[in-house]
Amino acid sequence: MSAFDFATFFVGCTSPGQTGQDMSELPVVRNDNGTPTEHTSQDTSYSGDKTQPTEDILNALNALNPKAILEATQNGHEPALAQDDNAGQDTDTPMDPPSEWHVLREKLREHPHDPEGWNHLVDIAENSGDLEQVKQTYEALFETYPNTSSAQIAYLNHFLSPGLFQYAEELFKRFLRTSPSVDLWKFYITYVRRVNTSPTSREAVSRAYEFALNRIGQDKDSGEIWHDYIQFLKAGETNTTWEEQQKMDALRKVYHRAVQIPLENVEKLWSELEAFENGLNKITAKKFMSDLSPSHMQARTVLRQLQRHLGPLFPPPPPSSSTRPSIYLPPAPTFNAAERALVGAWKTYLKWEENNPLEFEDKDKATLVSRVQLVYRKAVIRMRFYSEIWYMAFVWTNSIGKQEEALNILKAGIEANPTSFLLNFAYAELQEGRKEYAEVNATFDKLIDRLHVQLEELEARVNSASSSFSSDITGRSVATSVPSSITPGPTEPGTVSNNSSFATQNADEKPPKSKELQERRSEYGLVWIMYIRYARRAHDLKTFRAVFAKARKDRWTPWEVYEAAALMEYHCNKDGGLGVACRIFEKGLESFGDEIEFVLRYLGFLISVNDDNNARALFERVISAFSPDRARPLWERWARYEYQFGDLEAAQKLEKRIAEVYPTDPPIKRFAQRHTYLGTDAIAARDLGFAMAARQPAAGGNAATSAGGLERRTESLQSMMPLSHVPQAQTSKRHSTPDLKRREDSVKPDFGPPSKRQRPLTPPRERDRDRSAGPPHRRRLASPAGWEKERDRELGHLKRDRDEDKPSPLPTVLSWFVGQLPNPAAFDGPIFRVDDLMMLFRNAVIPSATRRATPPPPPPPPRGTGRPPPDYGPYQGPGGRGGRRY
């Protein structure tokens, strides 16, 4: 196509709001004969394709031309290492070792998010001089990092020869549709002006300028394009008065548009406009400038704010390791402090742009939309791997009524972040609202498959780190050897499968579980839960059950999915939902009988539906399967139920059983738990003194009173906590030596005011002030864990006091700065007395150029009978009446 047609094509392109173009479109690559070559699959092992060459043909081609076998087997842009299907067969011709480019390319296929690796691959391709390798490198780069303007410009530079203009135009079509890069648009205009040099083609160049400014004219860095466009219009030749008037009108229109935009050179353009208008007509110039002045001043104000916003968003690129400028590629996020601050800065800037800082009126709403859209395009390119930025772009685009474009934003975001829960859930909800149920199903299936692969990889890393444990079929880590002391607990017939076991085990005998693996597994289950929610509300219970059946077959499905399915059956199935829910819980118990959380949820469900018989049977069935340390939440939950709704005899029997399991627990603890309700524990607050302990006097009170309070509080605490928790320093009867006493004082709990090393003039801490002032507040100890928490809180007073006395840590930057300062002992200069310096400044005589200096006021008379102030008279030199002391 001609240059004029090329510019015309772009003018007729879609509006800035349309982003549905295929970003993965690849150009047609030509072979040595100049004929186009279509892209085909690189999979040569697929036996169903009858068009693939046979083994005999491949061997014959390999013997004639080794390069032909590569083209015949792959027939694509990106050559891969040739693999011999018959590894056991001897070959006469030795295979060449893979080149550095091939090795690095294979590495980037496995780990594509490697900016340094991609820059190195580009360096290798650029230095090779092979145009086909350059094409393969950049096309592969754009698959991972599309819309990278610096790479696009470097790629286009290879096709600016006259014989390759057609390929360059194809690349311009791909890149410019959605690119917000000012540099790329400058490159495009330079190309258009290069191929349109005749006077008759000025209209094509003008249309190219207008096309560019309509897309990126609101960018503050586009001032150079505005200036070049104005100079291009000024250079136009005119032959008639009418043409001259048309030229002046076009210049005035471009000037008026430019001076109302916060451009870097907006002040220069304003000065040029003023000179231009005054040169035409000073009367009309005054009117035009007065009308534009408010908008221009607003643009200048916004420019200063814009510079402050954009400063931290675009840090300077890292130095290049080669002569070629480095290509900035966004790295994979680690969410460290610096990256979180960067995300926050981007969010602040985007919200600022949404709030219309230029104060566009309703009639100029299209300009505001174009400006914010440009900003979001830049944001998702720079912050490609941060789902929150993509979601903000989606929400804003959807809010202005562009649903199709919002949908395309979510698609592009999922392509960049395929495992993003935020973007996949948003896309699924949007498609569900559009009744595109097939697309919703595909979205959930793809997300589950990707997360499944990640879980498999994580499990492999965990297993390699701990080879002494193996993974069973449910994905839980189990010991390779089972202790002979473990025996199955009591079970009910027909409720537990033969493979399930509720054997009693100690906590030390369980293999260590990976915390990360457990968290990722729970997140994986969340996707299944969202899937079955969608299936129930969009279809029916039958579809929901089909999805849950798929989840049950997945070895990575956690117990939360079973609970969610059971509760959904109970609440949504009005005909027999309770029975179905109980069966789902029982099925889950077969696989997750050793998960204390799941058993607790099952027990709580049975209690909530008032099924006390099955709840009691479940408790008796599983309680022996856990060690005492792990079973405590079960005992506590069942005890709360018995205390509230059981009879006294059953409660006393249960307390007796608990005392046998936990012999160190004090009897008063269980008795007090039976007499609490809704957080009110009068026994602990009044009879055991916890309420009064909270109102102890602050630091600085009577020492004897504090000592007595400490003794009473300590005795109250000892009456509630097991003997194993009593500090050794309190139970020891041995008389302490002074050194040992000092060491004990540093570790024993001190509930009273500090008795040693109290800092003078230190204001009381807020916690102590709260204790001594204001009305007394009630301390509630209702939950079973409330006793433990209160005991730990009382015993931890000393540790918190010392933590509060510690100086606050400095920020990282200040810590580094302080570390760079020299030691104070290294200072060997004169030491000044501050009071002497202040007196010197006070008595200094400063000459004045306007009036005669007044003598300093006499020094004040000495107060009291202290020593007189030193003499600060004029310095008399070494032979005078004494020198000053600094």
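From Cα pairs below 8 angstrom and at least 6 apart in sequence, can you work out the relative contact order of the stretch 100-311, rounded to a whole percent?
On the way: 142 pairs, mean separation 24.4, N = 212.
Worked out over the stretch 100-311, it gives 11 percent.
Cβ neighbours within 10 Å, averaged per peptide: list 810-818, 624-632 in order, most packed at the top. Could you put the intermediate results ahead of the total?
Working: 810-818: 10.0, 624-632: 17.1.
Result, highest mean Cβ count within 10 Å first: 624-632, 810-818.
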P(r) over all Cα-Cα pairs of the stretch 517-650, 10 Å bins from 0 to the longest distance, whole percent per bin, short to long, reads 11, 40, 33, 14, 3, 0
Tell me the accessible surface of R640 in square angstrom (1.4 angstrom probe, heavy atoms of protein chains only), to the nearest ten. 90
Globularity index of the stretch 241-373, i.e. its alpha-carbon radius of gyration over 2.2 N^0.38 Å: 1.43
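Using 26 Å as the Cα-Cα cut-off, could you pick out the over-long pairs in K107/K446; K402/K550; K253/K287; K253/K347? Display every interim value, and only then the final one.
Working: K107/K446 24 Å; K402/K550 36 Å; K253/K287 15 Å; K253/K347 34 Å.
Distance filter (> 26 Å) returns K402/K550; K253/K347.
Within 10 Å, count the other beta carbons around each residue, average over each peptide in 234-245, 166-177, and list them highest first. Kindly include the intermediate steps, with their values, before the conclusion.
Working: 234-245: 10.3, 166-177: 18.5.
The densest-packed peptide leads the list: 166-177, 234-245.
Please compute the volume of the convex hull spanned by the alpha-carbon atoms of the stretch 186-250 and report it per residue in Å³. All intermediate terms of the calculation are to be shown ahead of the outcome.
Details: hull volume 5.4 nm³, N = 65.
Enclosed volume per residue, from the Cα hull, is 83 Å³.
Restricting to Cα pairs below 8 Å that are 6+ residues apart, what does the relative contact order work out to for the stretch 387-442? Please round to a whole percent.
Details: 45 pairs, mean separation 16.5, N = 56.
Here the relative contact order equals 29 percent.
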Cβ crowding within 10 Å averaged over residues, with 258-266, 521-529, 361-369 ranked highest first: 258-266, 521-529, 361-369
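How large is the Kirkwood hydrodynamic radius of the stretch 337-467, counting all unique pairs of alpha carbons, in Å?
Numbers: mean 1/r = 0.0601 Å⁻¹.
One decimal place: 16.6 Å for the Kirkwood radius.
Just want to confirm a number: the relative contact order over the stretch 315-406, from Cα pairs under 8 angstrom separated by 6+ residues, in percent. Kindly include the intermediate steps, with their values, before the conclusion.
On the way: 41 pairs, mean separation 22.2, N = 92.
Over the stretch 315-406, the number comes to 24 percent.
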What accessible surface, in Å², does a 1.4 Å probe find on L821, ignoring ligands, DNA and RNA and rounding to the nearest 10? 90
Work out the charge dipole of the stretch 337-467 with +1 on the Cβ of Lys and Arg and -1 on the Cβ of Asp and Glu about the Cα centre, then indicate which of Q373, G433, W390 is farthest towards its positive end. Q373
Got a sec? What order do C572, C582 fall in by accessible area at 1.4 Å, biggest, i.e. largest, first? C572, C582
Under Stokes-Einstein, the stretch 100-311 at 20 °C and 1.002 mPa s, with its Kirkwood radius over C-alpha pairs, diffuses with a coefficient in µm²/s of 107
First compute the accessible area of the stretch 100-311 with a 1.4 Å probe, then give the percent of it belonging to carbon and sulfur atoms. 49
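The values are calculated or read from the model by the stated rules, or taken from the named source; none is laboratory data. Every value quoted in this text rests on a predicted model; they were computed, and no experiment measured them. Don't worry about glycine lacking a Cβ; one is built from the backbone with ideal geometry, like all the others, and counts go over all protein chains shown. These accessible areas exclude ligands, DNA and RNA; they are computed on the full protein's heavy atoms, side chains included. Shrake-Rupley method; radii C 1.70, N 1.55, O 1.52, S 1.80 Å.
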